[in-house]
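Notes for the one structure printed next.
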Amino acid sequence: MQQLKTLQFRLQGHALLIDNLPSYADADMQLFCQSLCHGLQATLLAMESGADRLQCRFELDGSIFILYLESLCEAAWVEAFYHTDIAVLAQRLALVGAQQLAPQHQA
């Protein structure tokens, strides 16, 4: 899936940050959630939207994740229900061709 092959992500703490989404328009964020779940062969459980945020809850290999997309600050990240599961998601993203970037160290 082309959209996942151009995806760049990095692990930072207990979250997986997504760096290069081309658009934070509402329809594009919804399409990205659906594409991510389809590309990872994950089950989309729910999509919830607010004023400037879309949350997408999905299941992958028995683990629950939440993708957060915020249009106001143009930020995207994923958190796992159990913090240790975030490595599972990073490995799966790498398998489908997403590029893992080195983590940024905070000062």
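The values are calculated or read from the model by the stated rules, or taken from the named source; none is laboratory data. Because the structure is predicted, anything quoted here is derived from the model rather than measured. Cβ sites come from the backbone with ideal geometry, for glycine too, and all protein chains shown count toward neighbours. Quick note on the areas: whole protein, heavy atoms, side chains included, nothing else; ligands and nucleic acids left out. Shrake-Rupley method; radii C 1.70, N 1.55, O 1.52, S 1.80 Å.
Tell me which of 80, 94, 60 sits at the most positive position along the dipole axis of the chain, charges placed on C-beta atoms (Lys, Arg +1; Asp, Glu -1).
Toward the positive end, the furthest listed residue is 94.
For labels at residue 48 and residue 14 in the simple 7 Å Cα→Cβ model, what's the distance in nm?
Calculated label separation equals 1.7 nm.
Using the Karplus equation 6.51 cos²θ - 1.76 cosθ + 1.60 (θ = phi - 60°), what ³J(HN,Hα) coupling, rounded to whole Hz, does each residue of segment 37-42 give in order, writing x for Gly and Pro?
For segment 37-42, the Karplus-derived couplings read 4, 5, x, 8, 6, 9 Hz, x marking Gly and Pro.
Want the number for residue 68 to residue 87: 0.36 nm per residue separation, take away the alpha-carbon distance, what's left? Before the final figure, lay out the partial values.
On the way: separation 19, 0.36 × 19 = 6.84 nm, distance 1.73 nm.
So the extension gain works out to 5.1 nm.
Counting Lys and Arg as +1 and Asp and Glu as -1, what is the net charge of the other residues whose Cβ lies under 10 Å from the Cβ of residue 70?
-1
Quick check for you: which residues of segment 11-47 have the amide N under 19 Å from the point 7 Å beyond the Cα of residue 59 toward its beta carbon?
So the set is 34-47.
List the equivalent ellipsoid semi-axes of the chain in whole Å, largest first, each obtained as the square root of 5λ for an eigenvalue λ of the Cα gyration tensor.
They are 18, 16, 14 Å, listed from largest to smallest.
Just the number please: accessible area per residue for the chain, 1.4 Å probe, all protein chains included, in Å².
Result: 57 Å² of accessible area for each residue.
Could you please report the charge total around residue 29, scoring K, R as +1 and D, E as -1 over all other residues with beta-carbon less than 11 angstrom from its beta-carbon? Write out the running numbers ahead of the final one.
Numbers: positive: 53; negative: 26, 28, 52, 70, 74.
Every neighbour counted, the sum reads -4.
For segment 36-99, what % of the accessible area comes from carbon and sulfur atoms, probe 1.4 Å?
Of all accessible area on segment 36-99, carbon and sulfur atoms account for 51 percent.
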